[in-house]
Amino acid sequence: MATDTLNLGSLNPRSWLYPTPRGLYCAPGDFYIDPAVAVPRAVITHGHGDHARPGHRNALATPETLAIMRARFQDMPDTQQQALKYGESLRIGEVEASLVPAGHILGSAQAVLEYKGQRIVVSGDFKRRPDPTCPPFEPVPCDVFITEATFALPVFHHPSDAGEIGKLLRSLQTFPERTHLVGVYALGKCQRVIKLLRAAGYDKRIWLHGGLASLCALYQKHGIDFGDIALVSDAVLETFKGSIVLCPPSAIADRWSRRFFDPIPAMASGWMGVRARARQRGAELPLIISDHADWTELTQTLKDVGAPKVWVTHGREEALVHYARSIGIEAEALHLVGREEENEA
Amino acid sequence: MQAFAELLDSLSFQPARNAKLRLIETYLRETPDPDRGWALAALTGGLDFAGAKPALLRSFGEDKIGAELFHLSYDYVGDLAETLALIWETDPNAGPPPSLGEVVETLQRATKMQTPAILKRWLDALDATGRWALLKLLTGALRVGVSARLAKQAVANIGHQPIAEVEEVWHGLSPPYRPLFDWLLADGPKPSSNMGGAFLSPMLANPIERAELDTLDPAHFRAEWKWDGIRVQVASTGGARRLYSRAGEDVSAAFPDIIEAIDFDGVFDGELLVRREETVAPFNDLQQRLNRKTVTPKMLKEHPAHVRLYDVLWLDGQDLRTLSFDERRARLEAWMAAKPRQRFDLSPLVRFTDWAHLAGLREGMREEGIEGLMLKRGDSPYLAGRPKGPWFKWKRDPMLADCVMMYAQRGHGKRSSFYSDYTFGCWRDASDGTRELAPVGKAYFGFTDEELRWLDKWVRDHTTNRFGPVREVEPRLVLEVAFDGVARSTRHKSGVSLRFPRINRIRTDKPATEADTVDNLLRLVP
């Protein structure tokens with residue numbers, strides 16, 4: 001990788017990397033990063049739907065992210081796929097590109113782009129706490145850091161994962177006959193919650209909604225062990241009393257959930273930290289488990305990467321821009337199209 | 001404090017009554033004295049602190065992260081106490097978090113000047129849930145959906161006692177209720193109620209229909225009008241004078257006119273009414289006086305309260321509850337005859353020969369302030385709870401209106417995932433000359449499980465719009481709504497509010513355009 005001497009003197013970073021209606025565009029490499037629509041050439045940070053979309057002619061991503069995209073987009077036969085492992089670099093046009101772990105989900109990466117001695121890091125989505133399903137975030141010193149801001153308010157301090165899983169297990173003790181229905185996003189959250197339950201010593205069968213099956217199988221193929229998991233739809237005459245059932249959040253309110261005995265709707269998401277949000281989602285047992293950096297992690301990351309310029313995307317940009325400026329960083333909001341407010345959080 | 005915080009946290013997200021009970025019971029069993037007693041006091045509204053003013057919380061927050069970030073945070077969260085709890089970070093060097101007992105006992109002693117420094121120390125030591133609970137406790141609004149009665153029910157459950165036993169001793173006890181827990185959980189003696197204004201659990205009636213009456217012998221029963229007020233208990237014993245709601249809530253503060261008029265020793269059952277001259281005012285007038293901590297002289301003058309007595313439980317130091325209704329009634333009448341009182345009178349017995357005669361009287365009674373008849377066996381002792389057989393309520397037939405479903409919302413507990421809460425409207429003329437629907441009420445019961453499944457499907461198939469958890473539906477389905485009364489209302493857009501509305505029938509046979517108008521409802525206002 002290039003020198004750590006930072007170079008902002010002559011070159012305006014916005015002249016070679018900037019938002020367009022199709023997404024963030026890198027001009028000297030002629031590619032988009034996580035574009036909102038199908039483009040000739042895309043670099044994809046991770047597999048969530050608002051970052052990875054189908055139909056690109058060429059897609060560059062980590063092998064794991066490409067595998068996720070193939071699973072979600074019917075194998076993508078029309079997309080030329082280029083896998084780039086963590087730490088390897090590749091020249092695209094006049095740009096040197098590499099992918100570095102972001103700690104968000106399996107395969108998630110930051111895109112590190114270098115051009116004329118200037119380095120810009122696009123964080124994609126990231127978190128800083130340990131996650132047994134992916135390698136941890138690596139801070140890369142850079143001239144410009146483009147950060148996500150999903151939970152960029154000082155009210156978001158995600159508590160420890162173990163403590164939140166403890167809440168779920170305690171509820172199972174208090175209500176041993178009720179089905180605990182946990183809403184999780186199919187990619188990332190689901191697998192992390194299973195691993196957290198196993199780490200807490202829960203070794204009973206964990207039941208899954210059918211919509212979670214294929215991605216769990218994909219994780220297993222990547223060497224991640226979930227213990228005893230099974231599909232709800234395969235269970236005959238199972239009462240599910242006192243069991244843990246994982247499902248996509250939308251299934252909790254769906255007629256699908258009526259098969260369970262007196263279920264307690266739980267929800268694992270960073271939004272559960274705010275009570276009104278938890279209530280709006282109908283959670284009776286909110287679990288604050290997030291795959292995004294909280295306020296402390298975001299502000300710590302700005303310090304760790306040491307970038308004199310920070311561009312803030314999708315989320316609560318205002319507060320993070322305000323904070324960054326208060327510690328002498330030149331910060332501005334970068335308005336990108338196509339990012340979902342809070343679905344994959 | 002941490003365990004109490006987790007209890008409040010769980011309660012605030014748990015809508016089902018039985019689950020709430022389970023949570024409180026588990027907490028009370030597992031938490032040592034005095035913390036569980038203070039928690040019980042907090043849940044039953046028995047704690048009152050000088051409190052933390054919003055301005056203090058705001059200044060704490062602004063000092064912590066700056067005005068700009070605090071403003072953005074508050075704007076997002078929408079609740080001051082919660083915002084402060086979330087932005088504050090636990091200081092690992094702050095020492096162990098305070099126990100609930102320490103919090104309560106310290107706050108009771110602390111001066112106003114000392115409070116901020118103490119509060120900061122606690123905020124440092126607690127986690128986010130602990131801080132939220134502390135601030136809720138301090139600002140005096142728990143809002144976790146637990147009534148005092150529900151908390152007492154949980155107390156009764158842990159000791160395997162009927163709630164009546166707990167209510168009887170309750171008012172002789174004070175937080176942190178050590179003798180209560182000793183009695184319920186550790187073979188301690190039952191605390192004496194000393195009858196110092198204690199609440200005695202009331203006897204309740206079961207509903208009955210005309211057809212069922214024929215299985216009963218009219219000679220065994222006495223009849224009274226069922227007054228459209230609030231069932232209360234006037235308790236004046238051991239020098240204490242109190243007025244309780246049916247659920248045992250002390251409402252004395254809202255009715256000083258009644259309390260001042262108590263010049264006797266005894267416990268009476270009666271109906272609280274607003275009465276002008278000889279006329280009972282509509283229920284709506286009584287509502288003006290409810291749920292107030294203080295009451296203005298104007299209110300006392302314009303809405304004078306009155307209690308119409310129908311039973312006596314305790315008189316001049318003697319428990320009469322084991323006597324028969326007829327014997328108690330004789331005592332009550334003799335007592336009233338000995339000294340008539342201004343704010344109390346007697347609910348008269350309705351004389352009748354047989355059920356047909358009584359049905360005729362019930363039909364003929366159109367007076368406002370009467371919602372039916374009470375039937376009580378002459379030989380019935382006064383039994384706490386709702387025993388089957390001795391007492392019945394025979395309500396006047398409800399009023400009916402055909403309304404159009406406008407919105408639906410999912411229910412809770414067993415009904416979660418079903419659209420079971422319906423907002424319905426009636427027609428009125430809009431300003432532009434067309435007809436529009438104005439919402440007149442909301443109902444979430446009255447239908448069978450089968451009808452619920454049908455309604456749920458109808459809602460899903462006819463949704464036109466969604467606002468968070470609420471679905472707007474095509475204005476096509478007519479619901480026949482039953483209700484017990486109508487009043488004018490400034491809080492409702494339509495200008496009317498219905499008393500006790502429920503779904504009576506689903507009228508798929510009726511086109512929505514033929515549903516009732518708001519004017520039709522207004523004509524029913526007394």
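A dipole drawn for the protein assembly as shown from +1 and -1 charges on Cβ atoms has a positive end, and of B:Leu69, A:His222, B:Leu119 the residue lying farthest that way is B:Leu119. Each Cα pair under 8 Å and six or more residues apart adds its sequence gap; the mean of these over the residue count of the stretch A:248-291 is a relative contact order of 38 percent. Listed peptides B:28-36, B:266-274 appear in the order B:266-274, B:28-36 once ranked by packing, highest mean of other Cβ atoms within 10 Å at the front. Amide H to amide H distances under 5 Å link A:Met267 with A:Gly183, A:Leu285, A:Leu287, where only residues 5 or more positions off or on other chains count and H is placed in the peptide plane. To the nearest 0.05, what FRET efficiency results for A:Asp225 and A:Thr174 with a Förster distance of 51 Å applied to their C-beta separation? About 0.95, to the nearest 0.05. Charged side chains reduced to their Cβ positions (Lys and Arg at +1, Asp and Glu at -1) give the protein assembly as shown a dipole of some 900 debye around its Cα centre.
Counting only lysines at least 8 places from B:Lys457 when in the same chain, those with an alpha carbon closer than 26 Å to its own are B:Lys414, B:Lys442, B:Lys510. For the stretch B:206-393, the Kirkwood radius over C-alpha pairs fed into Stokes-Einstein at 37 °C and 0.692 mPa s yields D = 188 µm² per second.
Between B:Thr215 and B:Glu62, the modelled label-to-label distance comes to 7.0 nm, taking each label 7 Å out from Cα in the direction of the beta carbon. For the stretch B:457-526 versus the stretch B:302-318, the spacing of their alpha-carbon centroids is 39 Å. Does the stretch A:67-188 come out rounded, prolate or oblate by the C-alpha gyration tensor, with a ≥ b ≥ c the root eigenvalues, rounded set by a/c under 1.5 and, if not, prolate when a/b is larger than b/c and oblate if not? Verdict is oblate for the stretch A:67-188.
Note on A:277-283: average number of Cβ atoms from other chains within 10 Å of each residue's Cβ is 3. With R₀ fixed at 35 Å, the C-beta to C-beta distance from A:Arg325 to B:Arg121 puts the FRET efficiency at about 0.60.
Measuring r between the beta carbons of B:Arg149 and B:Asp461 and using R0 = 41 Å, the FRET efficiency lands at 0.55. Give me the Debye-computed log₁₀ of I(q)/I(0) at q = 0.12, 0.16, 0.19 Å⁻¹ for the stretch A:269-335, equal point scatterers on Cα only, no solvent, two decimals. The calculated log intensity ratios at q = 0.12, 0.16, 0.19 Å⁻¹ are -0.40, -0.63, -0.78. From largest to smallest, the equivalent ellipsoid semi-axes obtained for chain B from the alpha-carbon gyration tensor read 42, 36, 22 Å. Model label points for A:Ala83 and B:Met336, set 7 angstrom from Cα along the Cα-to-Cβ axis, are 9.1 nm apart. Mean residue ellipticity at 222 nm, helices only, chain B: -10500 deg cm²/dmol; runs of at least 4 DSSP H residues each add -39,500 (n - 2.57), and the sum is divided by the number of residues. Here, the stretch B:399-522 is characterised by an Rg to Rh ratio of 0.95, where Rg is the alpha-carbon radius of gyration and Rh the Kirkwood radius.
For the stretch B:399-522, with all protein chains in place and a probe radius of 1.4 Å, 47% of the accessible heavy-atom surface sits on carbon or sulfur. Using Cβ point charges alone (K and R +1, D and E -1), the dipole size of chain B about the Cα centre works out to roughly 400 debye. Quote the Stokes-Einstein diffusion coefficient, in whole µm² s⁻¹, for the stretch B:157-260, based on the Kirkwood radius over alpha carbon pairs, a temperature of 20 °C and a viscosity of 1.002 mPa s. Diffusion coefficient, whole number: 130 µm²/s. Overall shape: oblate for the stretch A:81-121, with the ratio a/c of the largest to smallest alpha carbon gyration tensor axis at 1.5 or above and b/c at least equal to a/b.
Placing pseudo-labels 7 Å out from each Cα toward the beta carbon at A:Leu237 and B:Gln114 gives an inter-label distance of 6.7 nm.
Taking the mean number of other Cβ atoms within 10 Å as a proxy for protection, how do you rank A:150-162, B:332-344 from highest to lowest? Show your work: numbers first, answer last.
On the way: A:150-162: 22.4, B:332-344: 13.2.
Averaged packing, sorted descending, gives the order A:150-162, B:332-344.
Share of pairwise Cα-Cα distances greater than 16 Å in the stretch A:1-119 is 58 percent (whole percent). Look at the Cα gyration tensor of the stretch A:153-310: its axes a ≥ b ≥ c give a/c of at least 1.5 with a/b over b/c, and that counts as prolate. Between A:Ile194, A:Pro77, B:Cys426, the Cα set farthest toward the positive side of the dipole of the protein assembly as shown (charges on each charged residue's Cβ, about the Cα centre) is that of B:Cys426. Rg of the Cα atoms in the protein assembly as shown, relative to 2.2 N^0.38 Å, amounts to 1.14. Using Cα centres only, tell me the gap between the stretch A:46-60 and the stretch A:68-134 in whole Å. The distance from the Cα centre of the stretch A:46-60 to that of the stretch A:68-134 comes to 11 Å. From the mean inverse distance of alpha carbon pairs (Kirkwood) and the Cα radius of gyration, derive Rg over Rh for the stretch A:117-171. With Rh from the inverse mean 1/r over Cα pairs, Rg/Rh is 1.10. The length gained on full extension between B:Asp379 and B:Arg523, counted as 0.36 nm times the residue separation minus their Cα-Cα distance, comes to 47.6 nm. Take B:Arg246, project a point 7 Å from its Cα along the Cβ direction, then tell me which residues of the stretch B:224-240 have their backbone nitrogen under 20 Å from it. Within reach of a label on B:Arg246: B:224-235. Listed by chain and number, the lysines placed with their C-alpha closer than 21 angstrom to that of A:Lys221 are A:Lys85, A:Lys189, A:Lys195; residues fewer than eight positions away on the same chain are left out. If you take the alpha carbon atoms of the stretch A:157-213 and fit the smallest convex hull around them, that volume is 97 Å³ per residue. The interface between chain B and chain A buries about 2900 Å² of solvent-accessible area in total (1.4 Å probe, ligands and nucleic acids excluded).
Using the Kirkwood radius over Cα pairs, work out the Stokes-Einstein diffusion coefficient for chain A at 20 °C and 1.002 mPa s, in µm²/s as a whole number.
It comes out at roughly 103 µm²/s.
Computed as a quarter of the hull surface, the mean projected area of the alpha carbon convex hull for the stretch B:57-191 stands at 10.1 nm². Our summary gives chain B a relative contact order of 11 percent, counting only alpha carbon pairs under 8 angstrom and 6 or more residues apart. Distance between the C-alpha centres of the stretch A:205-242 and the stretch A:248-316: 22 Å, rounded to the whole angstrom. Partner shielding of A:147-157 amounts to 5, given as the average count of beta-carbon atoms from other chains within 10 Å of each residue beta-carbon. Take each residue of peptide A:248-257, count the partner chain Cβ atoms within 10 Å of its Cβ, and average: the result is 2.
Straight-distance candidates among the aspartates and glutamates for linking to B:Lys136, with alpha-carbon spacing under 15 Å and chain neighbours fewer than 8 residues away dropped: B:Glu6, B:Asp9, B:Asp48, B:Asp79, B:Glu82, B:Asp127.
The values are calculated or read from the model by the stated rules, or taken from the named source; none is laboratory data. All figures in this text were calculated on a predicted structure; none of them were measured in a lab. Glycine also receives a Cβ, built like all others from the backbone with ideal geometry; neighbour counts cover every protein chain displayed. Note: areas computed on protein heavy atoms with side chains; ligands, DNA, RNA excluded. Shrake-Rupley method; radii C 1.70, N 1.55, O 1.52, S 1.80 Å.
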